[in-house]
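K.L.:
Please find one structure pasted underneath; my questions will follow.
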Amino acid sequence: MHTNTLGVIRMVQVCLPLLEKSQDVGAIDICSGIGALDGLTTTALSYCFSKLALNGAKIMLVQALKAKGIAVNSICSGWVRTDMGGNSALRSPQQGADTAIWLATAAPHSQTGKFWRDRQVISF
């Protein structure tokens, strides 16, 4: 909870003065498909719950920051070959990061309040 949910909220709060001074800015968090309502599982209960809470926090951040013109989005990077994902993971780090980089650099700024995987909106 401290890392996956509260850490995101705190980071946005700390960066808010910089975000407010910039144009076409946004906050992008890394969530997980198992944090989506249709992806909940009991196999990783604490992780799943923290990502579900992150999706709820995102909804509140969207509402709080929309008037300031700050986009807020989440991505699901998928199962990525990292220290956490392990060598058996299906996706490379580049594939996992693609949607976040696209949101930060090329996606229309009007896209806010959404959950993304592979540059496509998914349900949260």
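The values are calculated or read from the model by the stated rules, or taken from the named source; none is laboratory data. Nothing here was measured: the structure is a model prediction, and the numbers come from that model. Ideal geometry is used to build each Cβ from the backbone, glycine not excepted, and the neighbour counts take in all protein chains shown.
Condition check ((1) over 21 Å from Thr99 (Cα atoms); (2) in a helix (DSSP H, G or I); (3) free of Cβ contacts under 8 Å to residues at least 40 places away in the same chain; (4) in contact with a Cys (Cβ under 7 Å, 6 or more places away or on another chain)) across all residues:
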| position | (1), (2), (3), (4) |
| --- | --- |
| Asn4 | no, yes, no, no |
| Val12 | no, yes, no, no |
| Cys15 | yes, yes, yes, no |
| Leu19 | no, yes, no, no |
| Ile28 | no, no, no, no |
| Ile34 | no, yes, yes, yes |
| Thr43 | yes, no, yes, no |
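K.L.:
From the list Ser92, Ser50, Ser77, exactly one residue is touching a strand residue (DSSP E or B) at 6+ places or on another chain (Cβ under 8 Å) and surrounded by 18 or more Cβ atoms within 10 Å (Cβ to Cβ). Which is it?
P.N.:
Ser77
K.L.:
Within the range 29-50, track down each residue that is under 12 Å from the mean Cα position of the chain (by Cα), modelled with pLDDT under 95 and not hydrophobic (A, V, I, L, M, F, W, C).
P.N.:
Those that are under 12 Å from the mean Cα position of the chain (by Cα), modelled with pLDDT under 95 and not hydrophobic (A, V, I, L, M, F, W, C): Ser32, Gly33, Gly35.
K.L.:
When you check Gln111 against the structure, is it in a loop (DSSP other than H, G, I, E, B) and more than 23 Å from Ser50 (Cβ to Cβ), yes or no?
P.N.:
Here the answer is yes, as Gln111 does meet what is asked.
K.L.:
Hey, among Gln94, Gln63, which residue is more than 15 Å from the chain's Cα centre (by Cα), free of Cβ contacts under 8 Å to residues at least 40 places away in the same chain and either in a strand (DSSP E or B) or under 22 Å from Asp24 (Cβ atoms) (or both)?
P.N.:
Being more than 15 Å from the chain's Cα centre (by Cα), free of Cβ contacts under 8 Å to residues at least 40 places away in the same chain and either in a strand (DSSP E or B) or under 22 Å from Asp24 (Cβ atoms) (or both) holds for just one of Gln94, Gln63, which is Gln63.
K.L.:
Exactly one condition in (1) surrounded by fewer than 16 Cβ atoms within 10 Å (Cβ to Cβ); (2) free of Cβ contacts under 8 Å to residues at least 60 places away in the same chain; (3) out of contact with any Ser or Thr (no Cβ under 6 Å at 6 or more places or on another chain) is not met by His109; state its number.
P.N.:
Failing condition for His109: (2).
K.L.:
Here is a further query. For the range 5-28, indicate whether the set of residues that are among the hydroxyl-bearing types (Ser, Thr, Tyr) and at pLDDT 95 or above is non-empty.
P.N.:
Looking through the range 5-28, at least one residue is among the hydroxyl-bearing types (Ser, Thr, Tyr) and at pLDDT 95 or above.
K.L.:
May I pose another question? Would you confirm, using the coordinates I've provided, whether Ala57 is buried (at least 17 other Cβ atoms within 10 Å of the Cβ) and within 23 Å of Leu6 (Cα to Cα)?
P.N.:
Criteria met by Ala57.
K.L.:
Would a scan of the range 99-106 turn up a residue that is loosely packed, with under 13 Cβ neighbours inside 10 Å and either modelled with pLDDT of 95 or more or of a type outside the set (Ser, Thr, Tyr) (or both)?
P.N.:
Yes: one or more hits.
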